[in-house]
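One structure is given below, encoded as structure tokens.
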4 protein chains.
Amino acid sequence: MAADYGKTFALWREGAAIPWHDYTHHAFVEGLGDGSLPRASFLHFLIQDYVFLVHFSRVWSLAVVKSETLEEMRICAGTVDALVNHEMSLHVKTCAAEGIDEATLFAATEAVENLAYTRYVMDAGLQGDFLDLMAALAPCVMGYGEIGLRLANSKTGDTPYDDWIASYAGPEYQEVCTNVGAMIDNAVARRIGDLPNSPRAAFLLDRFSTATELEVGFWQMGLNGA
Amino acid sequence: MAADYGKTFALWREGAAIPWHDYTHHAFVEGLGDGSLPRASFLHFLIQDYVFLVHFSRVWSLAVVKSETLEEMRICAGTVDALVNHEMSLHVKTCAAEGIDEATLFAATEAVENLAYTRYVMDAGLQGDFLDLMAALAPCVMGYGEIGLRLANSKTGDTPYDDWIASYAGPEYQEVCTNVGAMIDNAVARRIGDLPNSPRAAFLLDRFSTATELEVGFWQMGLNGA
Amino acid sequence: MAADYGKTFALWREGAAIPWHDYTHHAFVEGLGDGSLPRASFLHFLIQDYVFLVHFSRVWSLAVVKSETLEEMRICAGTVDALVNHEMSLHVKTCAAEGIDEATLFAATEAVENLAYTRYVMDAGLQGDFLDLMAALAPCVMGYGEIGLRLANSKTGDTPYDDWIASYAGPEYQEVCTNVGAMIDNAVARRIGDLPNSPRAAFLLDRFSTATELEVGFWQMGLNGA
Amino acid sequence: MAADYGKTFALWREGAAIPWHDYTHHAFVEGLGDGSLPRASFLHFLIQDYVFLVHFSRVWSLAVVKSETLEEMRICAGTVDALVNHEMSLHVKTCAAEGIDEATLFAATEAVENLAYTRYVMDAGLQGDFLDLMAALAPCVMGYGEIGLRLANSKTGDTPYDDWIASYAGPEYQEVCTNVGAMIDNAVARRIGDLPNSPRAAFLLDRFSTATELEVGFWQMGLNGA
């Protein structure tokens, strides 16, 4: 059973079932779970993920610009600060241990699969409202939570990726997913009401599905980068 | 009876009845109608209105950025082109006759009432979606159409402002109002469905009301500028 | 002598000397300094300033969206978090003591002078780059730092506004001003080089001056609100 | 010798010589020139190019939002209108002849190479100023002009792609390139002055290079889509 990240997320996840499975059970993910992922793939992924976090922070900042309630502002502003002033440090530390410094990370050439994803999310926010942005942001936030939990629960021995799994399976990250999920439910209540019967349902699901497919491409890029 | 600019506009107009009356029956408007408006006020207004059109064109361009259908793109792109490459010329011509050239117009210092209005509309678009932007744009578009029609129908003799009135009462401008009104109705159908029963109804009405109040401030600024 | 908030700020401050003096020596400011400011004016200001901080946080979030270096991202993201998750609490506490709760603050009707200011800054960021946004943000950040310091240094006895003065004169807020000033100097080095000889110098100064004039309007609105 | 589209473009083109050659001499382009391009590739390209034009129009609209002079507003607004209300019709006509209607075009699933490109350009505009946006827009505008001219001049017999080539080699499109190039030169004069000695030179070139590489990916996507 998947974790409970709110009813809007559950609806989107079900509506995008096939890409969601492709994303959360990608070969890269399975390789993280059983430890078979080549180190070179992981490092390539990590460097790209750092650049991803740079733009992901910019996207969460756009969410503050688009907020209409105190709760939205607080959660989104807290997320930006956590990403920029804390979470990016984890990548920096892991990469430093492999001899890659932060200036190198920041200046790394973005893979097209990486660039496509973050810029799509940014434009979803520019074109639409707070919910369009959230539908495009949710796959990353909640997907990593779901993947982390599943891998942590199914793991049978030590692997080089235990730290990575633990950081997303841990209570702190799970709380982020729960809070973002609750905020999205409130944002739907405020802007739409009954989502399944709204004409926006299909458009928002399309945002969520497209972002999920872009996540699949991101894992594949990591795998190919070995 | 007011012109028919669509059912969404009718709903907003009724919901903001008091500021709408203050706006469409402002002393500046009445002075245009009976010709009693001092020429200095009119010129001050015209210069500010030129700067307003510069930013209004930028705002309609943001509407293209936020469009999600071909119809929305076509109407908004056509409006931008009409504003920038045609309508602004009318102001230039009138002002030229008074010895004020276009570079002077473009560089005129914006009155705070002017600046407040266009930047509020721009931010409505950045913060929300296409409809938030339309709710903030509608008072200007439709209000001038309604004022033009009323003044044209009630006028009893020639005044120095007949050309101004005729340009907004004329079939070309009235068609703009009708088309924008229909586009807004379609945008509501696509994004909301039943507007009066949507939780967004109050927020959109608030956008419309605030923009209407900023229109009142704009007329007053014109009057004070004599 | 004014505090040292960097050489770009010094250049802008000097270039906008008259509005800068009007802003930093406004009757509202002098009334804070000698304690003669009517309580009703202060409360009116405080409520409007809370709404100002809501939009100011959105504007600083746009600065993260527009950042191009890690330093810019970190300082701007930290500022957003400080504003949203900490600084706004000070206003909430002071207003709570007067029987005004936070929901009331968040929903307060914005004065037009308030709305004009924050939306102008937001649009400066949308229209231009990071530096256009900073030129429009600097008067508020640094102006309050300069006012706080001057009033703290010149004060001769206890007044009801000592806490307000102390919070802006204090080392924590002064450090914000110093850090933002250094970040602006770096942003100029990265994007322009020699500012006084750049064709952008006049445009950036115009942003700074306009924002400073909007600050004058904000104090006046506070005073009138008694 | 390449056509003269202004000195800023010449500088960027030279600075990105390798990707520029890969883009303007891509196998897809050569196939257009000698008529060997499979029809299926061309149609796949045409459908994706229609979706590209939708977002390209949105991007040029953002350029109006970011304009600071009348010339910038007029050229960008005219471009949006030409794209939305005229140029897209050419694609519609060609596709209609193959039995593909416009609703199908508008709703076509974007290839990731397509999505990556337009959203990158959009974000360049959101993150930076008018020039950042122009550096990311120039490769498409001028590249098609240069390709059209070269293929028209070197062609030895009739091919199924003569119309396509003629439309970009023709005086109307060439004038667009010349006007946009002159506008960019003016925008550089206004915002930078001496571009080669500006610290921004490297960043703007990076925008231009990245967009050029995304053009290479777009042709390849067309070729693969056969």
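The values are calculated or read from the model by the stated rules, or taken from the named source; none is laboratory data. Quantities reported herein were computed from a predicted structural model and do not represent experimental measurements. In this analysis, Cβ positions are derived from the backbone assuming ideal geometry, glycine residues included, and neighbour counts consider all displayed protein chains. Ligands, DNA and RNA are excluded from the accessible area calculation, which covers all protein heavy atoms including side chains. Shrake-Rupley method; radii C 1.70, N 1.55, O 1.52, S 1.80 Å.
So that you can scan it fast, the table gives a plain yes or no per residue for (1) in contact (Cβ under 8 Å) with a residue 12 or more places away in the chain; (2) closer than 14 Å to A:GLY78 by Cβ:
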| site | (1), (2) |
| --- | --- |
| C:SER61 | yes, yes |
| C:VAL64 | yes, yes |
| C:THR69 | yes, no |
| C:ARG74 | no, no |
| C:VAL84 | yes, yes |
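Selection of region A:55-69 for residues being part of a helix (DSSP H, G or I) and open to solvent by 10 Å² or more (accessible area, probe 1.4 Å) yields A:HIS55, A:PHE56.
Quick one: would you say C:LEU37 is more than 8 Å from chain A (Cβ to nearest Cβ), in a loop (DSSP other than H, G, I, E, B) and crowded, with 22+ Cβ neighbours inside 10 Å? Lay out the reasoning, then the answer.
On the way: more than 8 Å from chain A (Cβ to nearest Cβ): yes; in a loop (DSSP other than H, G, I, E, B): yes; crowded, with 22+ Cβ neighbours inside 10 Å: yes.
Against the criterion (more than 8 Å from chain A (Cβ to nearest Cβ), in a loop (DSSP other than H, G, I, E, B) and crowded, with 22+ Cβ neighbours inside 10 Å), C:LEU37 qualifies.
Yes or no: region A:152-172 includes at least one residue that is within 14 Å of another protein chain (Cβ to nearest Cβ) and either free of Cβ contacts under 8 Å to residues at least 40 places away in the same chain or open to solvent by 10 Å² or more (accessible area, probe 1.4 Å) (or both). No, the conditions are met nowhere in region A:152-172.
Of all the criteria given as (1) more than 7 Å from every other protein chain (Cβ to nearest Cβ); (2) more than 25 Å from B:MET221 (Cβ to Cβ); (3) in contact (Cβ under 8 Å) with a residue 40 or more places away in the chain; (4) open to solvent by less than 30 Å² (accessible area, probe 1.4 Å), the one not satisfied by C:ALA108 is (2). Of all residues in region D:87-105 being open to solvent by less than 80 Å² (accessible area, probe 1.4 Å), within 21 Å of D:ALA40 (Cβ to Cβ) and in a helix (DSSP H, G or I), which is nearest to the other protein chains (Cβ to nearest Cβ)? Here the answer is D:GLU102.
Let's see how each residue does on (1) basic (Lys, Arg); (2) within 20 Å of the chain's Cα centre (by Cα); (3) within 25 Å of C:ASP162 (Cβ to Cβ):
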{"site": "C:LYS66", "(1), (2), (3)": "yes, yes, no"}
{"site": "C:ARG74", "(1), (2), (3)": "yes, yes, no"}
{"site": "C:ALA77", "(1), (2), (3)": "no, yes, no"}
{"site": "C:MET88", "(1), (2), (3)": "no, yes, yes"}
{"site": "C:LEU115", "(1), (2), (3)": "no, yes, no"}
{"site": "C:ARG119", "(1), (2), (3)": "yes, yes, no"}
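Considering each of A:MET142, A:MET134, A:MET122, A:MET221 in turn, give the residue that is buried (at least 23 other Cβ atoms within 10 Å of the Cβ) and within 30 Å of A:ARG39 (Cα to Cα).
Details: A:MET134 fails: within 30 Å of A:ARG39 (Cα to Cα); A:MET122 fails: within 30 Å of A:ARG39 (Cα to Cα); A:MET221 fails: buried (at least 23 other Cβ atoms within 10 Å of the Cβ).
Being buried (at least 23 other Cβ atoms within 10 Å of the Cβ) and within 30 Å of A:ARG39 (Cα to Cα) holds for just one of A:MET142, A:MET134, A:MET122, A:MET221, which is A:MET142.
Filter region C:173-209 down to the residues that are polar (S, T, N, Q) and within 14 Å of chain D (Cβ to nearest Cβ) and list them by number. Selection gives C:ASN186, C:ASN197, C:SER198.
For region A:116-151: of the residues being more than 25 Å from A:ALA189 (Cβ to Cβ) and among the small types (Gly, Ala, Ser), which is nearest to the other protein chains (Cβ to nearest Cβ)? Walk me through how you get there before you give the answer.
Looking only at region A:116-151, we keep the residues that are more than 25 Å from A:ALA189 (Cβ to Cβ), and these are A:116-120, A:122-123, A:144, A:147-151.
Filter once more, so that each one left must be among the small types (Gly, Ala, Ser): A:116, A:148.
Values: A:ALA116: 4, A:GLY148: 24 Å.
Looking at the filtered set, the residue picked out is A:ALA116.
Within region A:70-86, being surrounded by fewer than 18 Cβ atoms within 10 Å (Cβ to Cβ), in contact with a helix residue (DSSP H, G or I) (Cβ under 7 Å, 6 or more places away or on another chain) and more than 7 Å from chain C (Cβ to nearest Cβ) holds for one residue alone: A:GLU71.
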